[in-house]
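Below you'll find the structure, written out as structure tokens, and then a few comments.
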Amino acid sequence: MKFRHVALAAVLTLGFATAAQAQVKGPVKIGFITDMSGVYSSLDGPGGTAAIKMAIHDFGGSVLGRKIELVTFDHQSKADLAAAKAKEFFSQDGVDMLIGGTNSGAMLAIEPLAAQYKKPFIVIGAGASTIVGKQCNGYTSLYAYNTTALARVTAGAVIKHGGRSWYFLTADYAFGKALEVDATKVVEADGGKVLGHVMAPLGASNFSSYMLQAQASGADVLALANAGGDAANSIKQATQFGVTKKMKLAGLLLFITDIHSVGLPAAQGLYLTAPWYWNLNAESRAWSKRFYAQMNAMPSFSQAGDYSAALSYLKAVKAAGTTDGAKVMAELHKMKVNDMFIHNGSMRPSGLMIHDMYLMQVKTPAESKEPWDYYNVVQTVPGNEAFGPAAAYGCPLDK
């Protein structure tokens, strides 16, 4: 009789321990840090949140028997805020992985924390190639695009169409500087010249003095090494000041939300590079219509990338059978990504996701057949050609 009591007590104790362990595990948490209210909010922000929620829903809402939750934060394009919240997410809030939105400075500040806490960190809206350069760490992925691909594809196309001398209007932080450096390499390698540049603070509203400096340079091309609201304002004011009558505009990073803001009359003819477009194929159109029903706008490629990154992470968790960061990253490195955003994508050891990029040209108003129908696909550029050789980035993991 005493043995039965002891055995029963052992079973109950084991049951309580198992239940306690399940309770400790709790939900699988995805964190999302991006600009929710500032100059980049329209191209990611709340729309990115909606896209990640769509991925969680499409995956079924749970993984490994655990509910999937999303927590978000507005970094306001401030690197210190982004890093502080990422540390809090990882160390206190039980966040299992982080999706990084816009602003390369903010993402570079978060990157070492991902390595410290051994948590997957997938960067979507930021593009500085240095993220997968010398400070690569095995836990960070640059997933959608980078400044190298933008420069190689867009700058190469503009030079082929007669843009031999360049002047840069550059956002004064990590992304803009990286984009100018990468584009300059392409211009000079193709026999072109850079005649100068001017640095503009993030979120500037008045670009008039910069336009006057660009005109005075005598360059063929005004290269916009900025993005979001800054790029849209630059294009508008270039038209207003008559810059486009003498200079070609090269939008080195443009989102469909920028074109929508500027309008086709001002943006027509611009070349740009993107990893995705809502009207690219039947699969992208079907997903985008679902997104539009929620947001009343077609998605940018950043928002589509947020969806894909969340889905890829959840597939990797399922394959690994755990949320352990190292094991999940191992699965991501083995995985071929095929979804509505990426086809046959593969991740280099550095964390750079390799996939096709597209050279687009903005349509004329007459060519556009429906709202948000803004791009002609000029060329599909294979991933390794667009992103260039691994050796050029300097990541020790690629050796």
If you go through GLU180, GLU188, the only one that is surrounded by fewer than 22 Cβ atoms within 10 Å (Cβ to Cβ), among the charged types (D, E, K, R) and closer than 21 Å to ASN146 by Cβ is GLU188
Pairs returned, first residue in the stretch 48-75 that is modelled with pLDDT of 95 or more, second residue that is small (Gly, Ala, Ser) and buried (at least 21 other Cβ atoms within 10 Å of the Cβ), beta-carbon separation under 6 angstrom, 6 or more apart or interchain, are GLY48/GLY101; ILE52/ALA310; ALA55/ALA310; VAL71/GLY31; HIS75/ALA82; HIS75/ALA106
>> Can you confirm whether ASN344 is assigned by TED's automatic domain parsing to the domain that holds ILE68, within 29 Å of VAL186 (Cβ to Cβ) and surrounded by fewer than 17 Cβ atoms within 10 Å (Cβ to Cβ)?
In response: yes
ASP220 passes all but one of the listed conditions (1) surrounded by fewer than 24 Cβ atoms within 10 Å (Cβ to Cβ); (2) touching a Leu at 6+ places or on another chain (Cβ under 7 Å); (3) more than 27 Å from LEU142 (Cα to Cα); the exception is number (2)
Condition set in contact (Cβ under 8 Å) with a residue 60 or more places away in the chain and hydroxyl-bearing (Ser, Thr, Tyr), scope the stretch 316-350, selection nearest to TYR271 (Cα to Cα): answer is SER350
When ALA149 is run through (1) without any contact (Cβ under 8 Å) to a residue 60 or more places away in the chain; (2) under 26 Å from THR380 (Cβ atoms); (3) of a type outside the set (Val, Ile, Thr), the failure sits at (1)
For the stretch 351-386, the count of residues that are in a loop (DSSP other than H, G, I, E, B), touching a residue at least 12 places away in the same chain (Cβ under 8 Å) and in contact with a strand residue (DSSP E or B) (Cβ under 8 Å, 6 or more places away or on another chain) equals 5
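The values are calculated or read from the model by the stated rules, or taken from the named source; none is laboratory data. None of these values were measured; they are calculated from a predicted model. For neighbour counting, all protein chains shown are included, and Cβ atoms are generated from backbone atoms with ideal geometry for every residue, glycine included.
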